[in-house]
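The values are calculated or read from the model by the stated rules, or taken from the named source; none is laboratory data. Just so you know, these numbers come straight off a predicted model, no measurement behind them. Every residue, glycine as well, gets a Cβ built from its backbone with ideal geometry; the counts of neighbours run over all protein chains shown. For the accessible areas, the whole protein counts, side chains as well, though only heavy atoms, and no ligand, DNA or RNA atoms are used. Shrake-Rupley method; radii C 1.70, N 1.55, O 1.52, S 1.80 Å.
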Amino acid sequence: MDKLSPAQFAAKIRCCANDLQDHGVDRLGSLYDLTATRLVRYAVTVTKNSPDAEDAIQATMVRMAMKPKILATAQQPWAYLLRVTRNEALRILQKRKPLQIFAQCRQLWSRDSEVVEENDQAQVIRNALKRLPTNQSEVVVLKIWEDMTFAEIASVLDESPNTVASRYRYALQKLDNYLRPMAHEDIDINV
């Protein structure tokens, strides 16, 4: 399937949200099918592991099923879904003991993930992303993979656009420092 433009993706989410509101929980599958892969990719950035990210997505979908009108009437349904997912991911992390979180972080990048295509370049980029603070890596994921503006990201993270832009700039500087030595090893690091 061709990649949808941000406008097309937003329109499809709006359609799924309206369908969910009008026809009930039976239509939740369409919203899930459209957004799950992207939501998991983002949630992994927050939780640092796939199982917790998937739990966050399930909790997000339950919230959408319980209150479909909120999504259907949101100005930016995709940003709203991302924000709910982030909140659910953070809620999961708050329940974890600190030692469990550290163990899960180590495991995340030592095993295969279905979220990111596995190849040498992806692994190099993933390793660089994991070195970033979470508040910077989530901005990078939303900006690069979700093609969101700083204003949209600010809405998702409940931060100012200037703060989001600064985090993005700092993250890119750090990524450049992490990836530059590997560029000399003839690894193509273009995202």
Looking at (1) under 17 Å from the mean Cα position of the chain (by Cα); (2) open to solvent by 50 Å² or more (accessible area, probe 1.4 Å), find the lone condition where Leu157 falls short. (2)
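A quick yes/no check of all residues on (1) modelled with pLDDT under 95; (2) open to solvent by 70 Å² or more (accessible area, probe 1.4 Å):
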{"residue": "Leu34", "(1), (2)": "no, no"}
{"residue": "Val44", "(1), (2)": "yes, no"}
{"residue": "Asp55", "(1), (2)": "yes, yes"}
{"residue": "Ala65", "(1), (2)": "yes, no"}
{"residue": "Gln76", "(1), (2)": "yes, yes"}
{"residue": "Leu82", "(1), (2)": "no, no"}
{"residue": "Lys95", "(1), (2)": "yes, yes"}
Using beta carbons and a limit of 7 Å, which pairs, at least six apart or on different chains, have the first residue in the range 156-180 and farther than 22 Å from Leu39 by Cβ and the second one of a type outside the set (A, V, I, L, M, F, W, C) and in a helix (DSSP H, G or I)? Tyr170/Gln136
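Residue-wise test of (1) closer than 24 Å to Glu138 by Cα; (2) part of a loop (DSSP other than H, G, I, E, B); (3) in contact (Cβ under 8 Å) with a residue 12 or more places away in the chain.
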{"site": "Gln8", "(1), (2), (3)": "yes, no, no"}
{"site": "Ala11", "(1), (2), (3)": "yes, no, no"}
{"site": "Asn18", "(1), (2), (3)": "no, no, yes"}
{"site": "Arg38", "(1), (2), (3)": "yes, no, yes"}
{"site": "Met64", "(1), (2), (3)": "yes, no, yes"}
Looking only at the range 1-47, count every residue that is over 15 Å from Leu82 (Cα atoms), in contact with a helix residue (DSSP H, G or I) (Cβ under 6 Å, 6 or more places away or on another chain) and among the hydroxyl-bearing types (Ser, Thr, Tyr) and tell me the total. 1
